[in-house]
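Enquirer: If you scroll down you'll find the structure; I have some questions about it.
The values are calculated or read from the model by the stated rules, or taken from the named source; none is laboratory data. Just so we're clear, the structure is a prediction, and the values are computed from it rather than from any experiment. Every residue, glycine as well, gets a Cβ built from its backbone with ideal geometry; the counts of neighbours run over all protein chains shown.
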Amino acid sequence: MNETLESVAATLVAEGKGILAADESVSTLTRRFDALGIQSTEQSRRAYREMLFTTRGAAEFISGAILYDETIRQKSSDGMPLAQVLSRQGIVPGIKVDTGAEPLAGAPEETVTEGLDGLRDRLAEYHGMGARFAKWRAVIRVTPNLPSPACVSANAHALARYAALCQERQLVPIVEPEVLMNGAHTIERCEQVTGKVLHAVFDALFEQGVSLEAMLLKPNMVIAGTECPRPASVQEVASATLRCLRRHVPVAVPGVIFLSGGQTDRMATAHLNAINRLPGPKPWKISFSYGRALQDAAMAAWRGRAGNLSAAQHAFYHRARCNGAATLGEYTEEMEAVPAELGSPLHCLDWQHD
Ligand code: 13P
């Protein structure tokens, strides 16, 4: 049973490729549109996602794309379901299945991610619509006193139950415990909290019988908080991140795909590249599943106008290409200066629906 799941997981972390996280909820995407003066309607959100998904040659660097519920039900301007637009191009469609982070009872500053009720049936429906992997994001806040043990264990337990249900329903779970970078904490504190959270998550995955070979881990990088007076260098981030992963992520996991978490797009690329260049054992594929760091430049270029389509697609293709190079440790500053020509025309064939 896990053979198919393992081959999907391997496809998602194929050489030189990573994942596009385009699963912003309506309210999150509206917030990002608002900042650029783009009106958020069902139609404009559809047009935006269609712009990303029809970028020629994106599949050279993008293996999969995570959709939101609204998006997986939408069709392109010529009537093809957006999930199929992706799979025709050689990109595996995925789906965000949590219903968001809600206040944790008894812990007013913390959240637990919800969405387990009815999940088995929703997963079956999404599989029928072409999704082959899923995502669930837990959010862990850092202060001098947080996270609480209750927050870590509640989120780890929910992630593990989600992952077990996904595997039962033939979807590869992306397990995303995000330690937020908001705050004044040091990189050392981030490493300590990230290690503790990963330990709890893998403990819960073991308890729920999740097959590690048939999942992907989507962690934060180990990084100083945004308000920390002592920011960490690229090399420090790379070393601390890899050390933390080596201590806490079993070798059986096929891939570690980072979130960008609010880093600038170039920083997220530089960090990924530096991690992949470090010497010593890296038993998992190390790649990206970026949202903002892949989309920010493209969204700013697009601004909701059809006339900006080509500029926006060039911006998206460029970031995808830089991050693809970073998964191989081959990214250079010089790449930023070279405007990318779009790749070969839409092609299919790497990936087929079964
Ligand atoms: P960012 O890369 O913008 O953090 O988004 C990744 C993601 O999917 C968060 O759940």
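Enquirer: I'm trying to understand the selection: among the residues of segment 192-201, which are surrounded by 19 or more Cβ atoms within 10 Å (Cβ to Cβ) and over 19 Å from the mean Cα position of the chain (by Cα)?
Expert: 193, 200
Enquirer: Pick out the one residue from 163, 131 that is within 25 Å of residue 70 (Cβ to Cβ) and touching a residue at least 60 places away in the same chain (Cβ under 8 Å).
Expert: 131
Enquirer: From 275, 286, which residue is assigned to a strand (DSSP E or B), over 23 Å from residue 55 (Cβ atoms) and modelled with pLDDT of 95 or more?
Expert: 286
Enquirer: Same structure again: Step by step: first the residues of segment 64-97, then only those that are touching a Lys or Arg at 6+ places or on another chain (Cβ under 6 Å) and assigned to a loop (DSSP other than H, G, I, E, B), then the one that is farthest from the ligand (Cβ to nearest atom). Which residue is that?
Expert: Of everything passing the filter in segment 64-97, 74 is farthest from the ligand (Cβ to nearest atom).
Enquirer: When you go through 320, 300, 312, 326 one by one, which is the residue that is in contact with a Ser or Thr (Cβ under 6 Å, 6 or more places away or on another chain) and either among the small types (Gly, Ala, Ser) or surrounded by fewer than 20 Cβ atoms within 10 Å (Cβ to Cβ) (or both)?
Expert: 326
Enquirer: Quickly run through segment 219-278 and pick out the residues that are surrounded by fewer than 17 Cβ atoms within 10 Å (Cβ to Cβ) and either within 16 Å of the ligand (Cβ to nearest atom) or aliphatic (A, V, I, L, M) (or both).
Expert: If the condition is that a residue be surrounded by fewer than 17 Cβ atoms within 10 Å (Cβ to Cβ) and either within 16 Å of the ligand (Cβ to nearest atom) or aliphatic (A, V, I, L, M) (or both), then 226, 234, 251, 252, 262, 264, 266, 267, 278 are the ones that fit.
Enquirer: Could you grab me the full set of residues in segment 99-136 that are surrounded by 21 or more Cβ atoms within 10 Å (Cβ to Cβ) and touching an Asp or Glu at 6+ places or on another chain (Cβ under 7 Å)?
Expert: Result: 113, 135, 136.
Enquirer: Out of segment 166-191, which residues are without any contact (Cβ under 8 Å) to a residue 60 or more places away in the chain and of a type in the set (S, T, N, Q)?
Expert: 186
Enquirer: Residues being within 22 Å of residue 163 (Cβ to Cβ), assigned to a loop (DSSP other than H, G, I, E, B) and out of contact with any Lys or Arg (no Cβ under 9 Å at 6 or more places or on another chain): count how many of those fall in segment 220-267.
Expert: Summing the residues that are within 22 Å of residue 163 (Cβ to Cβ), assigned to a loop (DSSP other than H, G, I, E, B) and out of contact with any Lys or Arg (no Cβ under 9 Å at 6 or more places or on another chain) in segment 220-267 gives 7.
Enquirer: Next question, about the same structure. Residues being within 30 Å of residue 74 (Cα to Cα), within 16 Å of the ligand (Cβ to nearest atom) and in a helix (DSSP H, G or I): count how many of those fall in segment 108-158.
Expert: Of the residues in that region, 1 qualify.
Enquirer: Write out, first by first residue and then by second, each pair whose Cβ atoms fall under 9 Å of each other, whose residues are 6+ apart or on separate chains, and whose first residue, in segment 270-288, is under 19 Å from residue 19 (Cβ atoms) while the second is among the aromatic types (Phe, Trp, Tyr) and not in a loop (DSSP other than H, G, I, E, B).
Expert: Filtered contacts from segment 270-288: 271/258; 272/258; 272/288; 272/290; 275/258; 286/258; 287/258; 288/258.
Enquirer: Suppose we keep only residues that are in contact with a Ser or Thr (Cβ under 9 Å, 6 or more places away or on another chain) and small (Gly, Ala, Ser) within segment 66-93. Which one would you say is surrounded by the most Cβ atoms within 10 Å (Cβ to Cβ)? Break it down stepwise before answering.
Expert: Of segment 66-93, the ones in contact with a Ser or Thr (Cβ under 9 Å, 6 or more places away or on another chain) are 66, 68-70, 76, 82-85, 89-93.
Keeping just the survivors that are small (Gly, Ala, Ser) gives 76, 83, 90.
Numbers: 76: 16, 83: 27, 90: 21.
The residue in question is 83.
Enquirer: Here's something else I'd like to know. Regarding residue 211, is this residue free of Cβ contacts under 8 Å to residues at least 24 places away in the same chain, away from the ligand (no atom under 14 Å from the Cβ) and among the polar types (S, T, N, Q)?
Expert: No: the conditions fail for residue 211.
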